[in-house]
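Participant: I'd like to ask some things about the structure below.
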Amino acid sequence: MHVHLSRWTDRVEEERAQPRRLWQSFDEILGRGRAPPPYIDATTLHRYFDDKVAGVRAATAGAAPPEFTTVPAGCELRIFTPVTAADVISLVKALSVKQCSSDPMPTWLLKANVDVLAPFLSRLFCESLERGEVPSTMKSAYITPILKRSNLDSADTASYRPISNLSVISKLLERVVSKQLVRYLRDNDLFPDLQSAYRAHHSTETAVLKVLSDILLALDSGESAAFDSVDHNTLLHRLKTTYCLNGNVINWFSSNLSGRTQHVRSSRSSSSSATLLYGVPQGSVRLSPVHSRSSAAQQAPPAPTSCLRRRHTSLRLLHSHRR
């Protein structure tokens, strides 16, 4: 016991100046979020994640086509509001110190120098919003496979979930869009009546009670890959039809979804990069919560259980994007 404790003490001391490795060691000590063993390579995991999405889409291929309601008269979002340096400073200061290897600089350094960098970042973001385009460098992610629960078999690929790692700059751009979209939905009363998540001054406690049983049913039935199997065309059509996003706004969302690439990084290997044909990244700010409320709201096909008719955002996502 003493030798085991001494080994971990020495390891923590060695990794004190390497936060990422240190947290990985903590996870290993606590048995959570463990990385796959070396004999499960990244290509195998990448294939499993792709096959899982294909399986979900195949299982729901016979579902009724999604229904779309039209936006109330007078509602439309065609252009974004310009982003100021003050906006960027506020967003950067709210960031955690997390980062990934895709970042050109540590997040703490970005936060420490935000006053100098904010004018450049605001110009970059404005160019993206004005053109309705997302730079390709912001759409490349690497996936970290994380063990779902500490008691699962680490040798089984089904025990892992994919977490997409995106640069901090891309997350900041998404936050800019998210804030403007939420403001538009709120000001035009386009939020679902029972939505609690992602809304200021709304408690999620009752929403959790309402949908807990159906969340468990959804997870058990394999629909936990809902974010990964979102159909881009359905999502964009709903944004245009039900929420009247047009012009550069819908162009930006289309650009954000298209041309995405990702690869899996495991402990000792990396898979080849592949184009993301479906879904939204798990692990970004992300626009997936925005996607869930703005594209799936009030549009779920009939659900197998009565609680689903309560139309909580999470379960609407699971059902409305099956096609």
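We did not get these values from a lab; they are worked out from the coordinates using the rules stated. Source: prediction; values computed, not measured. Cβ coordinates were reconstructed from backbone atoms using ideal geometry, including for glycine residues, and neighbour counts include every protein chain displayed.
Participant: Figure the gain on full extension for Asn188 and Arg11 (residue separation times 0.36 nm, minus the Cα-Cα span) and round it to one decimal in nm. Could you put the intermediate results ahead of the total?
Facilitator: Numbers: separation 177, 0.36 × 177 = 63.72 nm, distance 5.47 nm.
Value of the extension gain: 58.2 nm.
Participant: Checking the table Lys139/Lys171; Lys148/Lys179; Lys93/Lys171; Lys52/Lys148 against a 20 Å threshold on Cα-Cα, which pairs fail?
Facilitator: Lys148/Lys179
Participant: Okay, moving on. Is the shape of the range 7-165 rounded, prolate or oblate, going by the alpha carbon gyration tensor and its root eigenvalues a ≥ b ≥ c, with a/c under 1.5 for rounded and a/b larger than b/c for prolate?
Facilitator: oblate
Participant: Taking a ≥ b ≥ c as the square roots of the eigenvalues of the Cα gyration tensor of the range 56-109, is the shape rounded (a/c under 1.5), prolate (a/b larger than b/c) or oblate?
Facilitator: oblate
Participant: Now for a separate question. Give, rounded to the nearest 20 debye, the magnitude of the charge dipole that the range 57-119 has about its Cα centre when Lys and Arg contribute +1 at Cβ and Asp and Glu contribute -1 at Cβ.
Facilitator: Roughly 180 debye, rounded to the nearest 20.
Participant: From the square roots a ≥ b ≥ c of the eigenvalues of the alpha-carbon gyration tensor of the range 92-155, which class results: rounded (a/c under 1.5), prolate (a/b over b/c), or oblate?
Facilitator: Working: a/c = 3.34, a/b = 1.75, b/c = 1.91.
Here the range 92-155 falls in the oblate category.
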